[in-house]
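Novice: Attaching a single structure in structure tokens format; questions to follow.
The values are calculated or read from the model by the stated rules, or taken from the named source; none is laboratory data. Please read all numbers here as calculations on a predicted model, not as lab measurements. Glycine also receives a Cβ, built like all others from the backbone with ideal geometry; neighbour counts cover every protein chain displayed.
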Amino acid sequence: MKSIRNELLGTLFLGLGTYLIYILVINHNLSEDKLVNNIGFIGRGLHSLIFLLFGVLAYLAPVVSFAYSAVFFFNNNSKFNKLKFFSFIAFIVLFSTLLIAINLDKSIGFGVLKNVLREILSLGGNGKSGGMIGAFFMTIFFPLFGKNGSIILILILMSVTLLAFGNYQVKKVLRFIFSMFYRKKKNKIQIDETKKSKDESDREVKPQRENSELSKDEFRDVKKNRIIDLDISKTAYVKDNKINKEYEEENKKKINNKPINLKNKVEHEEKLHINEKIELKENNTSGNLEDIFQEKEENKEKQLELENIIKDKIVNLEGLLREYKIDAKVINVERGPVITRFELSVAMGTRVRKIVSLQDDIAMNLEAKSIRIEAPIPGKNAIGIEIPNEITEAVHFANILKSDEMKKINSPLAVILGKNIVGENVIVDLAKMPHLLVAGRTGSGKSVCINTLISTIISKCSYEEVKFIMVDPKMVELMPYNEIPHLLLPVIIDPKQAAVALKWAVNEMENRYKLLSEIGARNIENYNKLNGVEKLSYIVVIIDELADLMMIAPASIEESIARIAQKARAIGIHLVVATQRPSIDVITGTIKANLPSRISFAVASQIDSRTILDGQGAEKLLGRGDMLFLESGSPNLVRIQGAYISDDEIVKLTTYLKSNGKPNYKNEILEDNFDLDKDELYDEAVELIKKEEKVSISLIQRKLKVGYSRAARIFDQLQENGVVSEDREILIDV
């Protein structure tokens, strides 16, 4: 209905504009008799009325009509904007008044208003003034401000209406004018300096490099205004990649433009060769892991090649946006190992959603598999367009493990995630998160992320500091960690045993809280600092596939996860839950609410993305370690390329740990009698039977204040456990 209405209104304004051209332009110079014969009584009256009211501005009437016609034809989503409408009306009235003021050649006051109106009526017909509307307002302005004062005041008011119509801010307009003046002055200075140093530069021997010179056609759209001098952000673990200064100077001389400010988050400095040995803290045992995790070097030639590719993409991106009438400029480029983010500055008045709607067009123009638009970038006056690199760099686990950032962190539960969009190491503290939900489809990098998380902890912490309970229903991903000394149990593959282990974790949580309350310690850190107490180890529960557990015992699993997530932070029990099926029957509302820190790898749809992150974006990820990280307490998503640890490194690490210690399994965890389906009031019902020495469903219902269905279920459980017989005979000692 809305589109049909717009079509009708567009057609109406189109016809009106055509008719106004006919009566106002084509027949304007004809005699009165002929005018009547050609356009009729209505046409003549409309002609006279428009010129009488607006004078020479009557010629704008067809233009305004055609403009409204175009709006209704081509912008179906347009909404009536009161500010713009009244600003436009005020501008027309002020313009009409300005024409009157300009055409007044002598001083008049209120006493000659009749003469002014008569003069305007005569000027309105021959197009030399502003009409009756301008005359009316001029009779107010003129006695108060005079002719020149009125003109100045009217020009100021017209400027205000233009700012209101375009939704501009005065400070931004002044800043824009100043920047234009400053840019011209700076370009002039650069040209003079270039001419002075021309002779000297010609004598220098320039290094010959392939792909260092860009063709003129590639920069034909930008060569008049700035120099493109890319100093692209390097990944944090590549610190010895110095861009050849001669190469940069060569590019500066070839393109006479202003440099784009492409931030280099990591300044050029020589690589720090870290030779310190990472020691495994164990009981009277220390070992060297240097041979297991070897730092990897990067390919410098690929970086130079990627820089030229990025230059081309900048030109293509700005050219595409110009085709869609968007005035935007790339002001910064942040390059990570797999993703490059182009930061755009757009002109005032440009709607952000207009650029977001071009996502597919941008991807096609830049020949990208998938792009993600962050509009705006949090904390910046810019729009970020994230595009996959054609030449990628692997993020190696060993490089981050041996980095300075890792050495500065003292927390035993600090874990490596990877590198962010600007190439900085991302290391988070699981103790502060305090629980983590990981989701992603098959092959997206979820299992590698779990492996890096586990490997980080067991590489830097002894088995006395951190213990693990690992659940792997798929019997594939976590099996290499069997028999390492950090395990409380062998890797659990049976979902029913996993439910029992989670029940034990809940019980252990309650026991630890009682212990802390007796001593007066607020958390596990304070407790372990006390003298004369047995240190408590951290316990990390790893669940590699939640969906399999939820199929067997959903109620028990959900309850245990919720209770641990709600209370276990202070006493050192932490959850890491992973699933490749992020549906609402797996990641329930209760689980989701209690696991605020989340990681999403590539998923199939926006629905899955919203289930994990409460927003879209994960469906646009590339896979192979590309993730979005939502940290507890932060509203912003962080894009990270996950660190990669190979199967060979995992085998070497676990073999080394097994050779330095043996696990001390607590098999009694799985032997504890945690009835998964037992009602919470079951024990109270047994005590009730002992006290009353009789039993019935109505008695349970009345004394425990529950409904009939629950009372009947408790009675059935009493029968199954041999407490009462089918004939309601009590079988236990009372």
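Novice: Just the residues that are surrounded by fewer than 18 Cβ atoms within 10 Å (Cβ to Cβ) and either polar (S, T, N, Q) or within 20 Å of Ala431 (Cα to Cα) (or both), please, taken from the stretch 487-507.
Specialist: Of everything in the stretch 487-507, those that are surrounded by fewer than 18 Cβ atoms within 10 Å (Cβ to Cβ) and either polar (S, T, N, Q) or within 20 Å of Ala431 (Cα to Cα) (or both) turn out to be Gln497, Asn507.
Novice: Being at pLDDT 85 or above and part of a loop (DSSP other than H, G, I, E, B) narrows it down to one of Lys325, Lys311, so name that one.
Specialist: Answer to the check: Lys325.
Novice: Restricting the stretch 589-614 to residues that are among the polar types (S, T, N, Q) and surrounded by fewer than 17 Cβ atoms within 10 Å (Cβ to Cβ), which is farthest from the chain's Cα centre (by Cα)?
Specialist: The extreme case among them is Thr590.
Novice: Something else: Restricting attention to the stretch 667-677, and to residues there that are surrounded by fewer than 17 Cβ atoms within 10 Å (Cβ to Cβ) and under 15 Å from Asn507 (Cα atoms), which single residue is modelled with the highest pLDDT?
Specialist: Result: Glu668.
Novice: Now a separate question. Can you pull out every residue in the stretch 395-448 that is of a type in the set (Asp, Glu) and under 20 Å from Ser634 (Cβ atoms)?
Specialist: Glu405, Glu424, Asp429 - these are the residues of the stretch 395-448 that are of a type in the set (Asp, Glu) and under 20 Å from Ser634 (Cβ atoms).
Novice: Then there's this: One residue is enough: does the stretch 724-734 have a residue meeting the conditions assigned to a strand (DSSP E or B), modelled with pLDDT of 90 or more and on the phi < 0 side of the Ramachandran plot?
Specialist: no
Novice: Here's a follow-up. If I filter the stretch 704-714 for residues that are in a helix (DSSP H, G or I), free of Cβ contacts under 8 Å to residues at least 12 places away in the same chain and either out of contact with any Cys (no Cβ under 9 Å at 6 or more places or on another chain) or aromatic (Phe, Trp, Tyr) (or both), do I get at least one hit? So that I can check it myself, show each step before the final result.
Specialist: So the first thing to find is which residues in the stretch 704-714 are in a helix (DSSP H, G or I), and the list is 708-714.
Restricting the remaining residues to those that are free of Cβ contacts under 8 Å to residues at least 12 places away in the same chain gives 708-709.
Checking the rest, the ones that are also either out of contact with any Cys (no Cβ under 9 Å at 6 or more places or on another chain) or aromatic (Phe, Trp, Tyr) (or both) come to 708-709.
Looking for residues that are in a helix (DSSP H, G or I), free of Cβ contacts under 8 Å to residues at least 12 places away in the same chain and either out of contact with any Cys (no Cβ under 9 Å at 6 or more places or on another chain) or aromatic (Phe, Trp, Tyr) (or both), one finds at least one in the stretch 704-714, hence yes.
Novice: If you don't mind, another one. So which residues in the stretch 679-714 are within 54 Å of the chain's Cα centre (by Cα) and within 23 Å of Lys503 (Cα to Cα), if there are any at all?
Specialist: Once the filter is applied, which keeps residues that are within 54 Å of the chain's Cα centre (by Cα) and within 23 Å of Lys503 (Cα to Cα), the stretch 679-714 yields Asp679, Glu680, Leu681, Tyr682, Asp683, Glu684, Ala685, Arg710, Arg713, Ile714.
Novice: Please find, within the stretch 557-587, the residue that is surrounded by the most Cβ atoms within 10 Å (Cβ to Cβ) out of those that are under 20 Å from Val500 (Cα atoms) and among the polar types (S, T, N, Q).
Specialist: Only one residue fits best here, namely Ser560.
Novice: Could you run through the stretch 467-484 and say how many residues are surrounded by 21 or more Cβ atoms within 10 Å (Cβ to Cβ) and farther than 30 Å from Leu622 by Cα?
Specialist: So the answer is 4.
Novice: Considering each residue of the stretch 384-425, count those that are of a type in the set (Val, Ile, Thr), over 24 Å from Glu307 (Cα atoms) and in a strand (DSSP E or B), and give that number.
Specialist: 2
Novice: Within the stretch 615-652, how many residues are outside any loop (DSSP other than H, G, I, E, B), surrounded by 14 or more Cβ atoms within 10 Å (Cβ to Cβ) and of a type in the set (D, E, K, R)?
Specialist: 6
Novice: Enumerate the pairs (first residue in the stretch 312-328 and touching a residue at least 12 places away in the same chain (Cβ under 8 Å); second residue anywhere and in a helix (DSSP H, G or I) and among the charged types (D, E, K, R)) with beta-carbon separation below 6 Å, excluding pairs fewer than 6 apart on the same chain, so at least 6 apart or on different chains.
Specialist: Partner pairs satisfying both residue conditions: Val315/Glu218.
Novice: How about the stretch 508-555: which of its residues are surrounded by 18 or more Cβ atoms within 10 Å (Cβ to Cβ) and either aromatic (Phe, Trp, Tyr) or on the phi > 0 side of the Ramachandran plot (or both)?
Specialist: Passing the criteria: Tyr527, Tyr538.
Novice: Further, regarding this structure: I'm checking my understanding of the structure. Among residues of the stretch 556-580 that are out of contact with any strand residue (DSSP E or B) (no Cβ under 8 Å at 6 or more places or on another chain) and touching a residue at least 40 places away in the same chain (Cβ under 8 Å), which one is farthest from Met433 (Cα to Cα)?
Specialist: Selected residue: Ser556.
Novice: Scan the stretch 463-514 for residues that are aliphatic (A, V, I, L, M) and in a helix (DSSP H, G or I) and jot them down. Walk me through how you get there before you give the answer.
Specialist: First, the residues of the stretch 463-514 that are aliphatic (A, V, I, L, M): 466, 469-471, 475-476, 478-479, 484, 487-489, 491-493, 498-502, 505-506, 509.
Listed by number, the residues that qualify are Met479, Ala498, Ala499, Val500, Ala501, Leu502, Ala505, Val506, Met509.
Novice: May I pose another question? Would you check if there is a residue in the stretch 398-412 being in contact with an Asp or Glu (Cβ under 6 Å, 6 or more places away or on another chain) and hydrophobic (A, V, I, L, M, F, W, C)?
Specialist: Yes, the stretch 398-412 contains a residue that is in contact with an Asp or Glu (Cβ under 6 Å, 6 or more places away or on another chain) and hydrophobic (A, V, I, L, M, F, W, C).
Novice: For the subset of the stretch 340-380 comprising residues that are in a helix (DSSP H, G or I) and within 25 Å of Leu306 (Cα to Cα), which member is nearest to the chain's Cα centre (by Cα)?
Specialist: Looking at residues that are in a helix (DSSP H, G or I) and within 25 Å of Leu306 (Cα to Cα), I get Gln359.
Novice: Taking the stretch 447-457 as the search range and keeping residues that are among the β-branched types (Val, Ile, Thr) and surrounded by 23 or more Cβ atoms within 10 Å (Cβ to Cβ), which one is nearest to the chain's Cα centre (by Cα)?
Specialist: Thr452
Novice: Now, a different point. Give me the residue from the stretch 610-632 that is of a type outside the set (A, V, I, L, M, F, W, C) and in contact with a Pro (Cβ under 8 Å, 6 or more places away or on another chain) and, out of that set, farthest from Glu477 (Cα to Cα).
Specialist: Filtering first and then ranking leaves Ser632.
Novice: Determine which member of the set Arg351, Arg341, Arg335, Arg372 is basic (Lys, Arg) and without any contact (Cβ under 8 Å) to a residue 24 or more places away in the chain.
Specialist: Just a single option satisfies the conditions, and that option is Arg351.
Novice: Can you say whether Lys467 is farther than 30 Å from Arg610 by Cα, at pLDDT below 90 and not assigned by TED's automatic domain parsing to the domain that holds Arg341, as far as the supplied structure shows?
Specialist: no
Novice: Right, another one. Would you check which residues across the stretch 382-397 are buried (at least 17 other Cβ atoms within 10 Å of the Cβ) and either not assigned by TED's automatic domain parsing to the domain that holds Leu320 or not small (Gly, Ala, Ser) (or both) and list them?
Specialist: Residues satisfying the conditions are Ile383, Ile385, Glu386, Ile387, Pro388, Asn389, Glu393, Val395, His396, Phe397.
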